Structures are given as structure tokens and as C-alpha cells.
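Undergrad: This is the structure I want to talk about, given as C-alpha cells.
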Amino acid sequence: MIHVTGIIETLVPSNNDQVVDPWEITNGVAGYNSISEHIVYVGGMDKDNKAPKDTLNLNQQTALKTELLDQIAKHPKILIGGHNQFDRKACPSFDVPTLLRKFGIQEKYINTTIYYK
């Protein structure tokens, strides 16, 4: 979890190998949890918590970019996408492929597919 200060808190430990072990599974996207690791951030809603809003601040962007580059280095076949590409959800309240391009992430790591119908 990336806090508003940019501090990253590990909610579920991972051994960072190429397999998502049963004890590493988190519930992010049905049907993908056993092959995915999830990154969450604090925010994503307007000040009244009534509507999705991109609230990712500079501290969080810096932490997210660092974490993603670390994951790419550990998992060179990784494909990064947002929850909203797998399900009709607003989260993470921004377009992940666009943000990844802004970060300078290579296209081969960016998932551009929408999986729901």
C-alpha cells in the first residue's frame, strides 16, 4: 500500500519469485489473483468519498514508479495493468497505461487490453 506520504507498506509478504504462492494471494481481480500481485494506494475518491477521483500525489507517484521499476527488474516478463482493465471498477481512478508511459515504462510491460465485456 502506498500511503499519501509515499511510504510503501507491505500488507502481504512476497518471496518475489516467479510464482504467486497460496500465502501470497490477495483478492484484487477475480480469476487473476493466483497469477498477480497487487499494488494499492491510499486515495482514489473525491473529498466526500462519493465519486472516483485521481488523487495520486507526487509522493505516491514517485513511490509507485520506484516499486514498478523494482518489479520489472525482478520479473522481466511482467505485464502491468490497472484493476479497471479487468473489471468494471473505477479503481485505481486513473488510466494505468497512460501513467506508465508518463513514467517512461517500456511498452512491452504495459497491458493495454480490456478484459471484461
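What follows is calculated from the coordinates using simple rules that are stated; it is not laboratory data. Given the structure is predicted, the values throughout are model-derived calculations rather than measurements. When we count neighbours, we look across all protein chains shown, and the Cβ atoms used for this are built from the backbone with ideal geometry, even at glycine.
Undergrad: Return a whole-number percent for the relative contact order of the chain, with Cα pairs under 8 Å and 6 or more residues apart as the contact set. List each step's numbers first, then the result.
TA: Numbers: 144 pairs, mean separation 27.6, N = 117.
The value is 24 percent.
Undergrad: Rounded, prolate or oblate, given the Cα gyration tensor of the stretch 70-117, with a/c below 1.5 counting as rounded? Don't skip to the end; give the middle numbers.
TA: Numbers: a/c = 2.15, a/b = 1.65, b/c = 1.31.
The shape class here is prolate.
Undergrad: Note down the net charge around K74, summing +1 for each Lys or Arg and -1 for each Asp or Glu among other residues with Cβ under 12 Å from its Cβ.
TA: Values: positive: K77; negative: D17, E37, E67, D70.
Charge balance near K74 sits at -3.
Undergrad: Specify the residue with the greatest mean-square fluctuation among K65, K50, K102, computed from a Gaussian network of the chain linking alpha-carbon atoms under 10 Å apart.
TA: Between K65, K50, K102, it is K50 that shows the largest mean-square fluctuation.
Undergrad: Something else about it: Rounded, prolate or oblate, given the Cα gyration tensor of the stretch 22-109, with a/c below 1.5 counting as rounded?
TA: Values: a/c = 1.76, a/b = 1.20, b/c = 1.47.
Verdict is oblate for the stretch 22-109.
Undergrad: Here's a follow-up. What is the magnitude of the charge dipole of the chain about its Cα centre, with +1 placed on the Cβ of each Lys and Arg, -1 on the Cβ of each Asp and Glu, and no other charges, expressed in debye to the nearest 20?
TA: Values: 12 positive and 13 negative charges, 90 e Å.
Charge dipole of the chain: 440 debye, to the nearest 20.
Undergrad: Out of G43, G31, G81, any idea which swings most in a Gaussian network model of the chain, alpha carbons joined below 10 Å?
TA: G31
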